[in-house]
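**Q** I'd like to ask you about the structure that follows.
The values are calculated or read from the model by the stated rules, or taken from the named source; none is laboratory data. Owing to the predicted nature of the structure, the values given are computational and were not obtained by experimental measurement. All Cβ positions, glycine included, derive from the backbone under ideal geometry; neighbour counts span all protein chains shown.
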């Protein structure tokens, strides 16, 4: 019960930041029937403005789009080099991008940043890019600063050390994320670890990088040979020509190192690639294959339409099945982006561990559907209309015109590629959708990549009949994760609970608790939150969550009635929450599991944070939860509760308990880790007092 209350408090603080945006969208007229979808009209005629261009002697191609509606301008430098394989030095590109802008041969880092701030401008750098934006009257000065940072950088050890530390922290923070691990391993398996698209930064590779490695990378690849400079906004073409010539004509071109990328191939037949994440409460399920699709291919527009139907938006096959029909997920999508070298087709979604097998079945079902069943004329018409609307809105922006012009240059497209874009979208037929789906949406030679909790997902996955290969968090082949061990017949739920009571201080001490006050601290979005909770036997409770010294959320139950208060707005406690509070029998929930009507069973011995634990299933009033008690010590390590998410679908809330310390002879976990809105939240117990008298009115 306590962890549910903690979760509600955390969730309320996330909701606070979004609540004020809900009232600004209620003013549309109700004079039309919202149940009838408007009919799409004919595709509009598009007249794309052509940018003015010129090329410097060093090869830098410049595209200028004048737009004088607003007194602002921007410039973007893009170096279109072939993908670089970094190998043992993986992380060089990231660090180079971070170090650019840290001072130049003519100005220090602090002075550089101060000048940019003073001019109200923005300048960003990447390993093969640079970008700036400012008011048009300051454009020449800011442009010169960007060029200076890109062409005359100073790399110093102190800045490298800082960026290495940041990179290491970023890698560490991703080690517990299902999405981060899934993305990493998916690329390793899809492309191979010796391919630029398949390698990843590791703590070891980043820590071994030297300053000279960064300098070598810059000197070898930051060249104008394949570079494009796009200038957009309130500018004059001739003035830009002079400005670019002044700042970039001294940039020397040179021959770029050559690299032959490995050949990428799909698996012989569809298989499951499984990555075990023992602490995962949500699973990532993807179906992936590689293909060749370029923007210049005749199939390009048909593929766009087919992917939109399969998984491109809310009304797609995948989303309507996995989210709307089955409630497995918040959303399911597919993608196939063109690439000069190798393209990847992918469907992806995040689901509860318990429905991983069903998600695989339904995903393959929809893949088979778009390949074997022809899309309806109505569906095709609506998708085309959606594309037309988005395209028309996009081309109203001058930066879009510039980006389209850049694409024509980079990808060797016909000059009228975007002028005839809607015409080609509208020409896509029902047969075209089925044809390109069969060609590009691979179902028979695909990898089904599942990143999940093995003990939850594997038993059902094994029944699907696909070959299963196992990989660790870095994409290395490994063995099947340890499955639940068999519980000895003489071990019962009662005995496990008795061992727990003995481990934390004894049943008599727990039953003697009359009051308990706890104060926790946690970090949320860089701010420290303080949570104070007072409880009185059997079920009175008052909880306050404070942020920056102000009470942001409060919950009170006096044994009969309760309320919640958020930022001064008070409302009665929801009926379901009220019923749960009334049913509470004491301060330690586990004491009453035997007598409160709960059905208890042991579902094996499973690993939890590297420790063997009894998995106890608890069922009551059609609700289920799971508790994990360490075999060796009897301590409660973790619990999982299923609740309704923001969209009404079921979601699993995991809570881990650690750092047990004695208070008045009773062990309490001083660190509680739970998930809220996809983020790990650590709560540190700062103060706990037992059996103290509370002031009158505490629970009012």
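**Q** Determine which single condition residue 18 fails, assuming it passes every other condition in (1) at pLDDT 95 or above; (2) within 30 Å of residue 673 (Cα to Cα).
**A** The one condition residue 18 does not meet is (1).
**Q** Follow-up. Please determine, by comparing only the residues of segment 192-206 that are touching a helix residue (DSSP H, G or I) at 6+ places or on another chain (Cβ under 8 Å) and in a helix (DSSP H, G or I), which one is surrounded by the fewest Cβ atoms within 10 Å (Cβ to Cβ).
**A** 203
Results for (1) under 26 Å from the mean Cα position of the chain (by Cα); (2) assigned to a loop (DSSP other than H, G, I, E, B); (3) in the same structural domain as residue 406 (by TED's automatic domain parsing); (4) farther than 30 Å from residue 638 by Cβ, shown as yes or no for each residue.
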residue: 216; (1), (2), (3), (4): no, no, no, yes
residue: 256; (1), (2), (3), (4): no, yes, no, yes
residue: 260; (1), (2), (3), (4): no, yes, no, yes
residue: 280; (1), (2), (3), (4): yes, yes, yes, no
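**Q** Of everything in segment 609-621, what is surrounded by fewer than 19 Cβ atoms within 10 Å (Cβ to Cβ) and either at pLDDT 90 or above or over 32 Å from the mean Cα position of the chain (by Cα) (or both)? Give them in sequence order. Reasoning before the result, please.
**A** Initially, segment 609-621 is screened for residues surrounded by fewer than 19 Cβ atoms within 10 Å (Cβ to Cβ), giving 609-612, 617, 619-621.
Of everything in segment 609-621, those that are surrounded by fewer than 19 Cβ atoms within 10 Å (Cβ to Cβ) and either at pLDDT 90 or above or over 32 Å from the mean Cα position of the chain (by Cα) (or both) turn out to be 611, 612, 617, 619, 620, 621.
**Q** Going through segment 101-124 one residue at a time, which ones are surrounded by 18 or more Cβ atoms within 10 Å (Cβ to Cβ) and out of contact with any helix residue (DSSP H, G or I) (no Cβ under 6 Å at 6 or more places or on another chain)?
**A** 112, 116
**Q** Moving to a separate point now. Could we say that residue 601 is within 32 Å of the chain's Cα centre (by Cα), closer than 21 Å to residue 485 by Cα and in the same structural domain as residue 505 (by TED's automatic domain parsing) here? Working first, answer last.
**A** Values: within 32 Å of the chain's Cα centre (by Cα): no; closer than 21 Å to residue 485 by Cα: yes; in the same structural domain as residue 505 (by TED's automatic domain parsing): yes.
Answer is no for this residue.
**Q** Report, ordered by the first and then the second residue, all pairs with beta carbons closer than 6 Å, sequence separation of six or more or different chains, a first member in segment 678-700 that is touching a residue at least 40 places away in the same chain (Cβ under 8 Å), and a second member that is outside any strand (DSSP E or B) and surrounded by fewer than 14 Cβ atoms within 10 Å (Cβ to Cβ).
**A** Close Cβ pairs (under 6 Å, with a partner that is outside any strand (DSSP E or B) and surrounded by fewer than 14 Cβ atoms within 10 Å (Cβ to Cβ)) amount to 690/664.
**Q** In the list 444, 412, 432, which residue meets the criterion of being assigned by TED's automatic domain parsing to the domain that holds residue 314 and more than 21 Å from residue 366 (Cβ to Cβ)?
**A** Working: 444 fails: more than 21 Å from residue 366 (Cβ to Cβ); 432 fails: more than 21 Å from residue 366 (Cβ to Cβ).
Unique residue meeting the criteria: 412.
**Q** Please indicate, with yes or no, whether at least one residue in segment 492-505 is touching a residue at least 24 places away in the same chain (Cβ under 8 Å), touching a helix residue (DSSP H, G or I) at 6+ places or on another chain (Cβ under 7 Å) and within 30 Å of residue 307 (Cα to Cα).
**A** Start the filter on segment 492-505 by keeping residues that are touching a residue at least 24 places away in the same chain (Cβ under 8 Å), which leaves 492-494, 496-497, 499-505.
Next, only the ones that are touching a helix residue (DSSP H, G or I) at 6+ places or on another chain (Cβ under 7 Å) stay: 497, 500-501.
Now restrict to residues that are within 30 Å of residue 307 (Cα to Cα): none.
Checked segment 492-505: no residue is touching a residue at least 24 places away in the same chain (Cβ under 8 Å), touching a helix residue (DSSP H, G or I) at 6+ places or on another chain (Cβ under 7 Å) and within 30 Å of residue 307 (Cα to Cα).
**Q** Suppose we filter segment 529-552 for residues that are in contact with a strand residue (DSSP E or B) (Cβ under 8 Å, 6 or more places away or on another chain), assigned to a loop (DSSP other than H, G, I, E, B) and touching a residue at least 40 places away in the same chain (Cβ under 8 Å); how many remain? Outline the logic, then answer.
**A** Applying the first criterion (in contact with a strand residue (DSSP E or B) (Cβ under 8 Å, 6 or more places away or on another chain)) to segment 529-552 yields 529-537, 539-548, 551-552.
Next, only the ones that are assigned to a loop (DSSP other than H, G, I, E, B) stay: 537, 539, 548.
Next, only the ones that are touching a residue at least 40 places away in the same chain (Cβ under 8 Å) stay: 537, 539.
Adding up the residues that qualify gives 2.
**Q** Now for a separate question. Kindly indicate whether residue 98 is within 31 Å of the chain's Cα centre (by Cα) and assigned to a loop (DSSP other than H, G, I, E, B). Lay out the reasoning, then the answer.
**A** Working: within 31 Å of the chain's Cα centre (by Cα): yes; assigned to a loop (DSSP other than H, G, I, E, B): no.
Here the answer is no, as residue 98 does not meet what is asked.
**Q** Of everything in segment 219-237 that's closer than 21 Å to residue 59 by Cβ and surrounded by fewer than 18 Cβ atoms within 10 Å (Cβ to Cβ), which residue is farthest from the chain's Cα centre (by Cα)?
**A** Among those residues, the one meeting the criterion is 237.
Residues are listed down the side, and each one gets a yes or a no for (1) out of contact with any strand residue (DSSP E or B) (no Cβ under 9 Å at 6 or more places or on another chain); (2) in contact (Cβ under 8 Å) with a residue 60 or more places away in the chain; (3) under 25 Å from residue 330 (Cα atoms):
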{"position": "344", "(1), (2), (3)": "no, yes, yes"}
{"position": "370", "(1), (2), (3)": "yes, yes, yes"}
{"position": "375", "(1), (2), (3)": "yes, yes, yes"}
{"position": "382", "(1), (2), (3)": "yes, yes, yes"}
{"position": "396", "(1), (2), (3)": "yes, no, no"}
{"position": "413", "(1), (2), (3)": "yes, yes, no"}
{"position": "418", "(1), (2), (3)": "yes, yes, no"}
{"position": "423", "(1), (2), (3)": "yes, yes, no"}
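**Q** Still on this structure, please answer the following. Which is in a loop (DSSP other than H, G, I, E, B) and touching a residue at least 60 places away in the same chain (Cβ under 8 Å), of 229, 189, 209?
**A** Working: 229 fails: in a loop (DSSP other than H, G, I, E, B); 189 fails: in a loop (DSSP other than H, G, I, E, B).
From the options 229, 189, 209, the qualifying one is 209.
**Q** Shifting gears a bit: Identify the residue in segment 125-135 that is crowded, with 19+ Cβ neighbours inside 10 Å and closer than 12 Å to residue 149 by Cβ and, among all such residues, is farthest from the chain's Cα centre (by Cα). Write out each step before concluding.
**A** Start the filter on segment 125-135 by keeping residues that are crowded, with 19+ Cβ neighbours inside 10 Å, which leaves 125, 127-128, 130, 132-134.
Subset that is closer than 12 Å to residue 149 by Cβ: 125, 130, 132.
Numbers: 125: 23, 130: 25, 132: 27 Å.
Of everything passing the filter in segment 125-135, 132 is farthest from the chain's Cα centre (by Cα).
**Q** For segment 584-608, how many residues are more than 30 Å from residue 459 (Cα to Cα), in a helix (DSSP H, G or I) and in contact (Cβ under 8 Å) with a residue 40 or more places away in the chain? I'd like the intermediate steps shown before the answer.
**A** Restricting attention to segment 584-608, the residues satisfying the condition of being more than 30 Å from residue 459 (Cα to Cα) are 584-589, 591-592, 595-596.
After this cut, where a residue has to be in a helix (DSSP H, G or I) as well, the list is 589, 591-592.
Next, from what is left, pick out any that are in contact (Cβ under 8 Å) with a residue 40 or more places away in the chain: 589, 591.
The total comes to 2.
**Q** State whether one or more residues within segment 127-143 are within 22 Å of residue 216 (Cβ to Cβ) and in contact with a helix residue (DSSP H, G or I) (Cβ under 6 Å, 6 or more places away or on another chain). I'd like the intermediate steps shown before the answer.
**A** The first filter runs over segment 127-143 and keeps only residues within 22 Å of residue 216 (Cβ to Cβ), leaving 127-130.
Pick out the ones that are also in contact with a helix residue (DSSP H, G or I) (Cβ under 6 Å, 6 or more places away or on another chain) and you get 127, 130.
Checking segment 127-143: at least one residue is within 22 Å of residue 216 (Cβ to Cβ) and in contact with a helix residue (DSSP H, G or I) (Cβ under 6 Å, 6 or more places away or on another chain).
**Q** Please verify whether residue 40 is over 30 Å from residue 222 (Cβ atoms), modelled with pLDDT of 95 or more and either assigned by TED's automatic domain parsing to the domain that holds residue 215 or in contact with a helix residue (DSSP H, G or I) (Cβ under 8 Å, 6 or more places away or on another chain) (or both), treating the condition exactly as stated. Break it down stepwise before answering.
**A** Working: over 30 Å from residue 222 (Cβ atoms): yes; modelled with pLDDT of 95 or more: no; either assigned by TED's automatic domain parsing to the domain that holds residue 215 or in contact with a helix residue (DSSP H, G or I) (Cβ under 8 Å, 6 or more places away or on another chain) (or both): yes.
Judged against the criteria, residue 40 is not a match.
**Q** Given the structure, is residue 74 surrounded by 19 or more Cβ atoms within 10 Å (Cβ to Cβ), at pLDDT 60 or above and not in a strand (DSSP E or B)?
**A** On the way: surrounded by 19 or more Cβ atoms within 10 Å (Cβ to Cβ): yes; at pLDDT 60 or above: yes; not in a strand (DSSP E or B): no.
No, not satisfied.
**Q** Suppose the filter is under 18 Å from residue 441 (Cα atoms) and more than 28 Å from the chain's Cα centre (by Cα); does residue 367 pass it?
**A** Working: under 18 Å from residue 441 (Cα atoms): yes; more than 28 Å from the chain's Cα centre (by Cα): no.
Here the answer is no, as residue 367 does not meet what is asked.
**Q** If only one of 344, 340 is more than 17 Å from residue 433 (Cα to Cα), touching a helix residue (DSSP H, G or I) at 6+ places or on another chain (Cβ under 9 Å), modelled with pLDDT of 95 or more and in the same structural domain as residue 424 (by TED's automatic domain parsing), which one is it? Step through it out loud before you land on a result.
**A** On the way: 340 fails: modelled with pLDDT of 95 or more.
After applying the criteria, what remains is 344.
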